[in-house]
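Reviewing the structure listed below.
The values are calculated or read from the model by the stated rules, or taken from the named source; none is laboratory data. Predicted model only: the values in this text are computed from it and were never measured. A quick note on method: Cβ atoms are made from the backbone with ideal geometry, for glycine too, and the neighbour counts reach across all protein chains shown.
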Amino acid sequence: MANNGTTHAQEHVDSHPKPPFPAKKLEKPGLESKLEPRPQYEAPTYHPADKLAGKRALVTGGDSGIGRAVAVIFAREGADIAINYLPAEQSDAEETKRAVESHGRKCILIPGDLTDEKFCHELVERAVKELGGLDILVSNAAHQNRKTIHELSPEEFDRTFKTNVYAYYLLTKAAIPHLPRGGSIIATSSSTGYRGSEELPDYSATKGAINQFTKVLAKQLVDKRIRVNAVAPGPVWTPLNPADEGLPPEDVAHFGEKTPLERPAQPEEIAPAYVFLASEADSSFITGIILPVLGGETIGA
Ligand code: NAD
Ligand code: MG
């Protein structure tokens, strides 16, 4: 119970901002430090329980948004972290590092571009070397720009697939030899991977591909006792959409308003799903699922 007689759960319920937000765009790749209101990633009502004690995790896109919240909550559960991000996001990455270190865990910073096949391999090797091994891979980075099919160039289509799908494949392939029994791979999917979004042809297609790749990997790796799952969020307040070149400022202001909860999630509300899927204590019998975190939207199976 909190001091005034309300429970933490009650305090939590209305603690997340609702639209309208400032009608303000961000320049790509989108710095979290420039986003108003600042995304909530600290999960103050969450109580860690050593679920990832001594584990080592690599989180792509760990500088900001969902990836930052995952890095921090994993650290609170006892894991050391390596994060990857684009060089332009160094200042955001340093904030993630400070937050992880404030919980007494290591945070290794490995900037670089995931569209580069060679870099994907080097990233895993560096994470393994600097963390002393690898137990958890979170393939979370993504490229997104709203485009019609007419506007969508082959170069952009390629970039979206390279960032969202190829990197998942390449990082997984590089990580498998290092992951122990009980290891976990988690990808970030999206509600668009179930139903498609008319505004996001290439991005939705990558999320559909991520879903099927996750299921196949889960089957192929079951013998190694490596579990493979994905989290599919609905709208989340992160730099991704304010920095989407096809989203007008007035839509940034109303982002997430159409969910049944009438607001986007904050990253801290998505991150516990990753703990659940990473932790043997929580999900040892779960592999090959796409876990929806959709703010009340329901989906057909
Ligand atoms: P975010 O902008 O904070 O994170 C995306 C990250 O991707 C960036 O920080 C950047 O570091 C990384 N990235 C992009 N291109 C890269 C490249 N070429 N090389 C290396 N890194 C690159 O936004 P977020 O919303 O936290 O996104 C995290 C994941 O969540 C993504 O997979 C996204 O598709 C997914 N998602 C987001 C929402 C949402 O509404 N924000 C909804 C559903 C799914
Ligand atoms: Mg970022």
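Just to verify a result, which residue in segment 260-301, among those that are at pLDDT 95 or above and hydroxyl-bearing (Ser, Thr, Tyr), is surrounded by the fewest Cβ atoms within 10 Å (Cβ to Cβ)?
Going through the qualifying residues, I end up with SER284.
Yes or no: segment 36-57 includes at least one residue that is within 13 Å of ligand 2 (Cβ to nearest atom), at negative phi and under 13 Å from the mean Cα position of the chain (by Cα).
yes
Got a sec? Which of ALA23, ALA49, ALA57 is surrounded by fewer than 19 Cβ atoms within 10 Å (Cβ to Cβ), among the aliphatic types (A, V, I, L, M) and within 16 Å of TYR274 (Cα to Cα)?
Selected residue: ALA49, the only one of ALA23, ALA49, ALA57 that is surrounded by fewer than 19 Cβ atoms within 10 Å (Cβ to Cβ), among the aliphatic types (A, V, I, L, M) and within 16 Å of TYR274 (Cα to Cα).
Going by the structure shown, is LEU131 under 16 Å from ALA187 (Cα atoms) and surrounded by 19 or more Cβ atoms within 10 Å (Cβ to Cβ)?
no
Could you grab me the full set of residues in segment 26-35 that are farther than 21 Å from ALA273 by Cβ and within 18 Å of the chain's Cα centre (by Cα)?
If the condition is that a residue be farther than 21 Å from ALA273 by Cβ and within 18 Å of the chain's Cα centre (by Cα), then LYS28, PRO29, GLY30, LEU31, SER33, LEU35 are the ones that fit.
Please state which one of ALA174, ALA243 is hydrophobic (A, V, I, L, M, F, W, C) and more than 16 Å from ligand 2 (Cβ to nearest atom).
Being hydrophobic (A, V, I, L, M, F, W, C) and more than 16 Å from ligand 2 (Cβ to nearest atom) holds for just one of ALA174, ALA243, which is ALA174.
Go through THR206, THR192, THR172 for me and flag whichever is over 13 Å from VAL124 (Cα atoms), β-branched (Val, Ile, Thr), in contact (Cβ under 8 Å) with a residue 40 or more places away in the chain and within 16 Å of ligand 1 (Cβ to nearest atom).
Answer to the selection: THR206.
From ALA218, ALA243, grab the single residue that is within 13 Å of ligand 1 (Cβ to nearest atom) and among the aliphatic types (A, V, I, L, M).
When all the criteria are applied, what remains is ALA243.
Are any residues in segment 209-259 among the acidic types (Asp, Glu) and surrounded by fewer than 20 Cβ atoms within 10 Å (Cβ to Cβ), and if so, which ones?
Across segment 209-259, the qualifying residues are ASP223, GLU245, GLU250, ASP251, GLU257.
Residue by residue through segment 69-84, note down the ones that are surrounded by 24 or more Cβ atoms within 10 Å (Cβ to Cβ) and either of a type in the set (A, V, I, L, M, F, W, C) or on the phi > 0 side of the Ramachandran plot (or both).
Correct list: ALA69, VAL70, ALA71, VAL72, ILE73, PHE74, ALA75, ALA79, ILE81, ALA82, ILE83.
Can you tell me which residue within segment 173-193, out of those that are more than 12 Å from LYS224 (Cβ to Cβ) and not hydrophobic (A, V, I, L, M, F, W, C), is surrounded by the fewest Cβ atoms within 10 Å (Cβ to Cβ)?
For segment 173-193, the residue satisfying everything is LYS173.
Does at least one position in segment 236-243 carry a residue that is of a type outside the set (S, T, N, Q), touching a residue at least 40 places away in the same chain (Cβ under 8 Å) and farther than 21 Å from ASP92 by Cβ?
No.
Taking the options THR259, THR287, THR238, name whichever one is more than 16 Å from the chain's Cα centre (by Cα), under 26 Å from LEU26 (Cβ atoms) and β-branched (Val, Ile, Thr).
THR259
Which of the residues that make up segment 197-235 are small (Gly, Ala, Ser) and over 18 Å from the mean Cα position of the chain (by Cα)?
SER197, ALA218 - these are the residues of segment 197-235 that are small (Gly, Ala, Ser) and over 18 Å from the mean Cα position of the chain (by Cα).
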